[in-house]
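Novice: Got a structure for you, written out below as structure tokens; questions coming shortly.
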Amino acid sequence: MKTESSPANSSRRGFIKTTALTGIGLYVLPAFTFGSHAEAEKVRIALIGVGGRGRGHLRNLMNRDDILVPAVCDIDPEAIQKTQSMMKKAGYEQPEIYTGNDHAYLKLLERDDIDGVVIATPWLWHTRMAVDTMKAGKYAGVEVSAANTLEECWDLVNTYEETGSPAMILENVCYRRDVMAVLNMVRQDVFGELIHARCGYRHDLQGVKFNPGVEFGEGARGEARWRTQHSLHRDADLYPTHGVGPIATMMDINRGNRFESLTSHSTKSRGLHNYIIKHPEGGPGHKNAKIKWELGDVVTTQINTAKGETILVTHDTNLPRPYSLNFEVQGEKGITDFDQHTRRIYIEGSTEKHGWDDMEGDGSWLEKYDHPLWKKYGEYASGSGHGGMDFFVIHAFVESVKRKVAPPLDAYDAAAWSAITPLSEKSIAEGNAPQYFPDFTRGQWIKRKPVFAFGDEF
Ligand SMILES: NC(=O)c1ccc[n+]([C@@H]2O[C@H](COP(=O)([O-])OP(=O)(O)OC[C@H]3O[C@@H](n4cnc5c(N)ncnc54)[C@H](O)[C@@H]3O)[C@@H](O)[C@H]2O)c1
């Protein structure tokens with residue numbers, strides 16, 4: 001197994017430099033024009049939720065020359081204040097602010113000068129805000145996951161079908177540079193017919209779930225205000241889409257293929273308790289040390305697809321560990337195994353028998369199969385957050401709104417991917433019993449054609 005200091009890794013070039021960065025970067029982007037638009041032709045995007053993620057999207061929106069941001073909604077005065085000063089600093093016109101209560105966003109949606117809405121609020125608000133946005137006749141761009149229950153998954157699909165207003169799930173990892181290169185390889189038949197994939201969200205969130213110290217819930221900061229409650233009450237894969245979204249695009253889910261069933265397994269829960277008792281502001285006597293956490297530390301889910309592939313999905317956010325989405329894509333001819341630190345491939349006849357080939361470096365696999373979108377926008381995108389992928393997801397949303405076309409990731413994707421949470425919860429509760437995905441496309445998956453990331457436009 002290669003490590004960070006192995007020769008293969010030290011020979012990395014630009015390809016990976018842009019993908020390995022995490023967090024929100026410096027946003028000093030080279031000039032790029034998205035079309036010289038008269039004020040009246042610009043796309044008008046509003047934001048609901050301008051915490052960490054919403055402001056990241058806002059920055060990418062403000063970097064474009066085809067966007068106006070007429071309105072912003074948040075219930076947190078600090079988030080509003082940070083947004084206003086960010087926009088002022090960028091020389092951007094101040095938006096109208098909607099705030100004061102949890103339903104202030106409904107007033108924002110009454111405006112008739114908004115084309116699309118980016119929703120980056122806590123999970124329990126996603127579906128209802130996306131549904132209300134579609135009902136108001138606007139494009140909804142909703143953060144991940146898009147829904148919490150099967151009923152909410154259906155709400156997304158039904159509202160889209162009733163209103164004709166699209167909802168795009170803003171799954172940025174579908175646009176990660178190495179992920180898109182592997183998608184390109186899949187489409188160019190490098191692996192042959194796909195057989196199996198592995199993915200997951202393996203991210204130590206101890207310091208996110210508690211902030212400050214070992215506090216969470218009301219009075220806490222950032223995601224500790226709301227995300228931690230889910231670990232308290234739900235034993236499930238709480239955050240499946242970063243892993244499953246990219247694999248779904250490779251396996252044509254909802255477009256010639258679909259998720260059919262899953263079984264899930266959950267371990268005991270130790271990580272969050274251990275964090276509380278070891279933390280200098282916590283300890284065995286702290287009130288939170290008595291909590292019994294519902295979420296198992298490692299939740300694994302095995303999905304069956306209609307075309308006979310399996311997908312192993314892991315959710316692992318409570319234990320100390322390095323970040324990894326743990327991708328593996330395997331077909332009749334070979335396999336790739338890649339995450340933030342190691343990217344390797346084995347293709348029968350092309351690589352040494354029983355050995356891994358490094359996917360990176362000069363003239364490497366990743367360079368050869370670099371996706372046309374990355375070839376075109378890579379330099380521009382690389383400063384946009386999460387190694388560049390944040391640019392692409394917003395770009396796809398904005399271009400869909402601008403051209404009045406269906407977004408490349410839609411309500412059916414949002415529903416099928418998000419359904420893993422309630423289905424995994426039920427499987428675990430029923431002793432790992434199989435659960436069956438509703439066919440959110442109502443049979444249309446048989447004839448729907450793949451649309452994600454063909455060409456170099458969006
Ligand atoms: N795709 C990614 O890489 C990525 C990264 C981070 C977060 N996220 C997702 O983005 C979403 C937001 O995460 P975050 O880290 O910004 O969280 P956050 O807590 O920093 O921000 C959420 C914001 O929503 C606001 N809010 C809450 N209820 C509201 C309401 N009823 N009306 C208006 N505003 C409301 C909060 O005041 C807060 O400012 C989550 O769904 C998260 O999973 C995705």
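The values are calculated or read from the model by the stated rules, or taken from the named source; none is laboratory data. It should be emphasised that the depicted structure is a prediction, and the values quoted were computed from it without experimental measurement. Reconstructed Cβ throughout: ideal geometry from the backbone, glycine too, with neighbour counts over all protein chains shown.
Novice: Need pairs with beta-carbon distance below 6 Å; first residue of a type in the set (A, V, I, L, M) and within region 75-92, second more than 9 Å from the ligand (Cβ to nearest atom); sequence gap 6+ or separate chains.
Specialist: Ile80/Ile97; Ala90/Met62
Novice: Can you tell me how many residues within region 133-165 are crowded, with 22+ Cβ neighbours inside 10 Å and assigned to a loop (DSSP other than H, G, I, E, B)?
Specialist: Summing the residues that are crowded, with 22+ Cβ neighbours inside 10 Å and assigned to a loop (DSSP other than H, G, I, E, B) in region 133-165 gives 6.
Novice: Looking at region 235-250 only, could you name the residues that are more than 12 Å from the ligand (Cβ to nearest atom) and either surrounded by fewer than 18 Cβ atoms within 10 Å (Cβ to Cβ) or β-branched (Val, Ile, Thr) (or both)?
Specialist: Within region 235-250, Val244, Ile247, Thr249 qualify.
Novice: When you scan region 278-316, how many residues do you find that are surrounded by 15 or more Cβ atoms within 10 Å (Cβ to Cβ) and touching a Pro at 6+ places or on another chain (Cβ under 9 Å)?
Specialist: 4
Novice: Something else: Leu325 - would you say it is within 20 Å of Lys426 (Cα to Cα) and at pLDDT 95 or above? Full working, then the answer.
Specialist: Values: within 20 Å of Lys426 (Cα to Cα): no; at pLDDT 95 or above: yes.
No.
Novice: Show the residue pairs that are 6+ apart or on different chains and have beta-carbon atoms under 8 Å apart, the first residue being within region 249-264 and under 15 Å from Phe454 (Cα atoms), the second being of a type in the set (Phe, Trp, Tyr) and assigned to a loop (DSSP other than H, G, I, E, B).
Specialist: Listed pairs, sorted by first residue: Thr249/Phe452.
Novice: Being near the ligand (Cβ under 9 Å from one of its atoms) and not in a loop (DSSP other than H, G, I, E, B) is the filter here; which residues of region 116-127 pass it?
Specialist: Step one: filter region 116-127 for residues near the ligand (Cβ under 9 Å from one of its atoms), giving 119-126.
Correct list: Ile119, Trp123, Leu124, Trp125, His126.
Novice: Scan region 273-284 and report the pairs whose first residue is over 15 Å from Thr317 (Cα atoms) and whose second residue is modelled with pLDDT of 95 or more and not hydrophobic (A, V, I, L, M, F, W, C), with Cβ atoms within less than 7 Å and a gap of 6+ or a chain change.
Specialist: Close Cβ pairs (under 7 Å, with a partner that is modelled with pLDDT of 95 or more and not hydrophobic (A, V, I, L, M, F, W, C)) amount to Ile277/Gly283; Ile277/Pro284; His279/Gly213; Glu281/Gly213; Gly282/Gly213; Gly282/Asn288.
Novice: Additional query: Let me confirm something: among Gln340, Gln330, which residue is under 24 Å from Met250 (Cβ atoms), in contact (Cβ under 8 Å) with a residue 40 or more places away in the chain, within 19 Å of the chain's Cα centre (by Cα) and buried (at least 19 other Cβ atoms within 10 Å of the Cβ)?
Specialist: On the way: Gln330 fails: within 19 Å of the chain's Cα centre (by Cα).
Testing whether each residue is under 24 Å from Met250 (Cβ atoms), in contact (Cβ under 8 Å) with a residue 40 or more places away in the chain, within 19 Å of the chain's Cα centre (by Cα) and buried (at least 19 other Cβ atoms within 10 Å of the Cβ) leaves just Gln340.
Novice: Looking at region 100-152 only, could you name the residues that are of a type in the set (A, V, I, L, M, F, W, C) and under 18 Å from Tyr239 (Cβ atoms)? Walk me through it before giving the result.
Specialist: First, the residues of region 100-152 that are of a type in the set (A, V, I, L, M, F, W, C): 104, 106, 108-109, 114, 117-120, 123-125, 129-131, 134, 136, 140, 142, 144, 146-147, 150.
Once the filter is applied, which keeps residues that are of a type in the set (A, V, I, L, M, F, W, C) and under 18 Å from Tyr239 (Cβ atoms), region 100-152 yields Ile119, Ala120, Trp123, Leu124, Trp125, Ala130, Val142, Val144, Ala146, Ala147, Leu150.
Novice: If you go through region 225-232 one residue at a time, do you hit one that is without any contact (Cβ under 8 Å) to a residue 60 or more places away in the chain, under 23 Å from Arg53 (Cα atoms) and either outside any loop (DSSP other than H, G, I, E, B) or away from the ligand (no atom under 16 Å from the Cβ) (or both)?
Specialist: Step one: list which residues in region 225-232 are without any contact (Cβ under 8 Å) to a residue 60 or more places away in the chain, which gives 228-229.
If we keep only those that are under 23 Å from Arg53 (Cα atoms) too, we end up with 228-229.
From what is left, the residues that are either outside any loop (DSSP other than H, G, I, E, B) or away from the ligand (no atom under 16 Å from the Cβ) (or both) are 228-229.
Checked against the condition, which is being without any contact (Cβ under 8 Å) to a residue 60 or more places away in the chain, under 23 Å from Arg53 (Cα atoms) and either outside any loop (DSSP other than H, G, I, E, B) or away from the ligand (no atom under 16 Å from the Cβ) (or both), region 225-232 yields at least one hit.
Novice: Name every residue in region 358-400 that is buried (at least 24 other Cβ atoms within 10 Å of the Cβ), more than 19 Å from the chain's Cα centre (by Cα) and not in a loop (DSSP other than H, G, I, E, B), in order of residue number.
Specialist: Trp365, Leu366
Novice: Sticking with this structure for a sec: Which of the residues belonging to region 147-171 are within 17 Å of Ala406 (Cα to Cα) and touching a helix residue (DSSP H, G or I) at 6+ places or on another chain (Cβ under 6 Å)?
Specialist: Quick first cut of region 147-171, residues within 17 Å of Ala406 (Cα to Cα) only: 156-171.
Of everything in region 147-171, those that are within 17 Å of Ala406 (Cα to Cα) and touching a helix residue (DSSP H, G or I) at 6+ places or on another chain (Cβ under 6 Å) turn out to be Leu156, Val157, Thr159, Tyr160, Thr163, Ser165, Ala167, Met168, Ile169, Leu170, Glu171.
Novice: Count, please, the residues in region 78-121 that happen to be under 14 Å from Gly137 (Cα atoms) and of a type in the set (Gly, Ala, Ser).
Specialist: Matching residues across region 78-121 total 1.
Novice: Residues being within 27 Å of Asp178 (Cβ to Cβ) and outside any loop (DSSP other than H, G, I, E, B): count how many of those fall in region 416-442.
Specialist: Initially, region 416-442 is screened for residues within 27 Å of Asp178 (Cβ to Cβ), giving 416-421, 424.
So of that shortlist, the ones also outside any loop (DSSP other than H, G, I, E, B) come out as 416-418, 420-421, 424.
Of the residues in region 416-442, 6 are within 27 Å of Asp178 (Cβ to Cβ) and outside any loop (DSSP other than H, G, I, E, B).
Novice: Can we say Asp66 is in contact (Cβ under 8 Å) with a residue 24 or more places away in the chain and closer than 20 Å to His395 by Cβ?
Specialist: Working: in contact (Cβ under 8 Å) with a residue 24 or more places away in the chain: yes; closer than 20 Å to His395 by Cβ: yes.
Here the answer is yes, as Asp66 does meet what is asked.
Novice: A further question follows. For residues that are within 18 Å of the chain's Cα centre (by Cα) and either surrounded by fewer than 20 Cβ atoms within 10 Å (Cβ to Cβ) or not hydroxyl-bearing (Ser, Thr, Tyr) (or both), tally how many sit in region 167-192. Please lay out each step first, then the result.
Specialist: Restricting attention to region 167-192, the residues satisfying the condition of being within 18 Å of the chain's Cα centre (by Cα) are 167-183.
Filter once more, so that each one left must be either surrounded by fewer than 20 Cβ atoms within 10 Å (Cβ to Cβ) or not hydroxyl-bearing (Ser, Thr, Tyr) (or both): 167-174, 176-183.
Looking only at that region, the number is 16.
Novice: Quick check on my filter: what residues within region 204-224 are within 11 Å of the ligand (Cβ to nearest atom) and more than 23 Å from the chain's Cα centre (by Cα)?
Specialist: Within region 204-224, just Ala220 meets the criteria.
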